[in-house]
1. For Ser135, what residues show an amide H to amide H distance below 5 Å, using hydrogens built from the backbone and excluding near sequence neighbours?
2. Hey, rough spin-label estimate for Ser834 and Arg60, points 7 angstrom out along Cα→Cβ, what's it come to in nanometres?
3. What order, most packed first, do the peptides 461-467, 275-281, 359-365, 643-649 have when packing is the mean number of other Cβ atoms within 10 Å of each residue?
4. How much of Val326 can a 1.4 Å solvent probe reach, expressed as accessible area in Å² and rounded to 10?
5. Go through Tyr478, Tyr123 and list them by solvent-accessible area, largest first, probe radius 1.4 Å.
6. Determine the equivalent ellipsoid of the chain by diagonalising the alpha-carbon gyration tensor, then write out the semi-axes as square roots of 5 times the eigenvalues, largest first, rounded to whole Å.
7. Could you grab the relative contact order for the stretch 594-639? Cα pairs under 8 Å, six or more apart, rounded to a whole percent.
8. Counting only protein heavy atoms and a 1.4 Å probe, tell me what percentage of the chain's accessible area is made up of carbon and sulfur.
Amino acid sequence: MLGIEIHPVSFIVGFLVGSAFWWLATRARPLWAEMRANFKEQREVAQTRKTSTVEENHRRLTLRRAQGMHLAAQLFALDEIIQEPFLLAPPQTVEPGAQPKFEDVVSQTLPYLPTWPEIAAVYRAPTLTFSQALSGNTNIVIIGQPGVGKTVSLAHLASLAANRSEKLEALQDAVPFLVHIADLKLPVVDPKDALLPLIDAASEHAPIFDVGKLPAFFESTFRGGSALLLVDGYDEITPEDQQVITEYFKMIMQNYPKTRIVTTGAPESLGSLVGMGFAPLALTAWSVQQNEKFIEQWGKIWSQTIGMEASTQTSPEQVDPILLNVWLSADNANLSPLELTMKAWGAYAGDSLGPHVLESIATHIRRVAPSNTPLAALETLAMQVALSAQPIFDPRKARAWVKSFEVAEEKVEGEAAADHPPIEEKEDDTKPLKKGKKNEKAVAKPTSGLLGKMAASGLLVTHLHHKMRFVHPVFAGYLAGHALTHYNTEETLLNQPDWSGKYLTMRYYAAHGDASKLIQALMGFSRLPMHRPLFAAARWLRDAPKNAPWRGKLFGTLAAILQTEGIPLNLRGQAMAAFVVSNDPSAAALFRQFETTLSFELVQLAVLGSGAIRDTKAIQPVESAVQAPSLSVRRAACMALVAIGTNEALESVAHTLLNGDEDIRRAAGEALANDPNEGHAMLKDGITLADILVRRAIVYGLGRVNEPWAMETLQKIQIDDEQWVVRNSATEVLDAKASISARAPRKLKAPSESPWLIEFAGKQGVGISPGTPATDILLLALRGDDPDTRLAALPYLKFTPNEGVISQLYSAMYKDDPELREAAYNTLWEISTSGAKLPHPSQYGFN
């Protein structure tokens, strides 16, 4: 048997070398770990550097796009001309067991009217900046009429985020993703590809070297919770198309729950956004002071830029900007920012067709339309967009709509009928623009590439995936409404689902033709509790001819709602607002008549209406209302007198401040804060008076003045005033100003995690299972005796709007508790924004 010989010396040497090796390897283990960590850190730094470069490029491009998202983009950057947008603060939420929250006199007196923000602008109702609104943890839908500035607000928010502005506070480092829905290729089939439509849209503008890096950048940003998704255009589309967008939002929210979404919405239709937890916040209208500031700013920038260029050329002598601004400021009642911009542009450019708002729109359309393009071509395109309910259309299909204006040879009647949907022509057609008639030949010179020319001139906007749209829905509605006065299309429009283009078309139809059929139909559809068709038609009154045969009937119905006792003030207040915004001279006399009635709620609304239209003839009846038994009426009277703003009206408020009881003095002090000239001067003088009640009232007034001097004065009073009651009031006001963000909408806690609801359920001897809506418990709370518990239940119930819930909401709306009545109505309004037709209250025994 063979054996293996082991050399002792070699064995010992090998053993020692191996042991030394393993000893060194063991000792080097931390070094290897450190080296691996360093390599990993270097890779992460390299990846971060790449992402940072992509992010900075993305922010820069977003800022550039946002600065051009406004009507006058060809003249000025957005930041040069913008008036900071604000959102109407929603009613404060109630938490059972918590201390009552501070409310100023305006919040206690003025109904919450998110669909008529013009009234809130007059009385300076509490507002939120976008930073404050986003300080909550919920998504937001900005609502407002077309032209109020929703797109500009999104662009402003995108600019702040792109610049990492300190104004955004908690969202200062958020990465903005600004997109129009027309750029999104939807629907998305696989949830893993949720970001793909956004990446495709961004790739169109990104530098070529960044395109390949975008997927990783988007994924890391959305996954990390830094994404601020700003989606424009949701307010422009039909409910069917909105459903596609909301499904996409759901996908984003499920895959990337930390993403914050802000979109735009039309008050008449928000789809399922509210049910998904979006908070509808109304964009405030501009006040008289904001209008004047905008006009002054426009004139200054125009003089420094466009005016300087014009002065170097042979052109007519320029009109003094001071004279132009005086003329522009003379008649701006209830103009939207879009309309005021067009009016200012026409005045300074010298190409305005007239002072009326309709002429301002016509002027701008002429300004941006391609030269030598027949107006009938523009109107035909807009008409087909409206009738087909395609605000975002395929240009390949649209070429057929305007084909008769592009082809050199004339169309015979049969061919023209093939290009356009059949439209019944009116027998009696006396309107202008007869060349838009179906059976007439185009008299203008045919052109080629008409859609391309419209896009090049700025009237149309092109998007990815063969999509086009009008640059603003107001222009599409104006052109379509004007064109449709030649055809019997009322039934076609009425049969469409509610969308903004439908109502815009009908609005401008009413401005140019006889809308009696439309009015009759809408009034027939209108019913409690919302009366949405009626109030939609009321928007037409401002621009419609004063001798329109349907005006009297519409005004009569609005007056009836205004006088109806027992229904929410928020509903009656909309009727008051409709009279104000109509600019009809008869509104003043109607309000004065109602101010002499014995109904306190009617007097309150009438007084607010007189103030909103600044009716100097109403000073005497409004002064009488200051002595009314109802505190709400007295507060409203002080607010109205300051809004009227004459020396006589202001002196009456000053007299009330000096001689009234404690409650009305406070109302007078807060009302004076609405007048930045004489009112603020009175507050500055009054704070030095010896009367304790006067100083205390003025402290509350100073709390409503958003100026540095007012804050400094309050801080000084808080420390130095001799009377503790005045010091305490100053502390209360300063605390309220510091906590204004508490009014921002927030996600509700799950019922199983809500302390007050758990406590309430325990008293009923039941529990709340996680993941359940607890509707039965919430309905018990709504029917209970505790006022705070009833109010706290309402925000939950809007997410389960079944028949039982609707019935109990109606019951709450018709109770004698005014606060519960208004809160229940607001809940029903939010439910109705989904497009659901709420049943008439009589179905549940309420009349």
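1. HN-HN under 5 Å from Ser135: empty list.
2. Each label point lies 7 Å from its Cα, and together they span 4.7 nm.
3. Numbers: 461-467: 15.1, 275-281: 19.6, 359-365: 22.4, 643-649: 17.6.
For the peptides 461-467, 275-281, 359-365, 643-649, the packing ranking is 359-365, 275-281, 643-649, 461-467.
4. For Val326, the solvent-accessible surface is approximately 100 Å².
5. On the way: Tyr478 25, Tyr123 0 Å².
Greatest to least solvent exposure: Tyr478, Tyr123.
6. Working: eigenvalues 490, 335, 175 Å².
Taking √(5λ) for each eigenvalue gives 50, 41, 30 Å, largest first.
7. On the way: 44 pairs, mean separation 18.4, N = 46.
Contact order relative to length: 40 percent.
8. On the way: 20910 of 38520 Å².
C and S atoms contribute 54 percent here.
The values are calculated or read from the model by the stated rules, or taken from the named source; none is laboratory data. Predicted model, so just to flag it, every value in this text is computed and none were measured. Because the Cβ atoms are built from the backbone with ideal geometry, glycine has one as well, and the counts that use them run over all protein chains shown. Quick note on the areas: whole protein, heavy atoms, side chains included, nothing else; ligands and nucleic acids left out. Shrake-Rupley method; radii C 1.70, N 1.55, O 1.52, S 1.80 Å.
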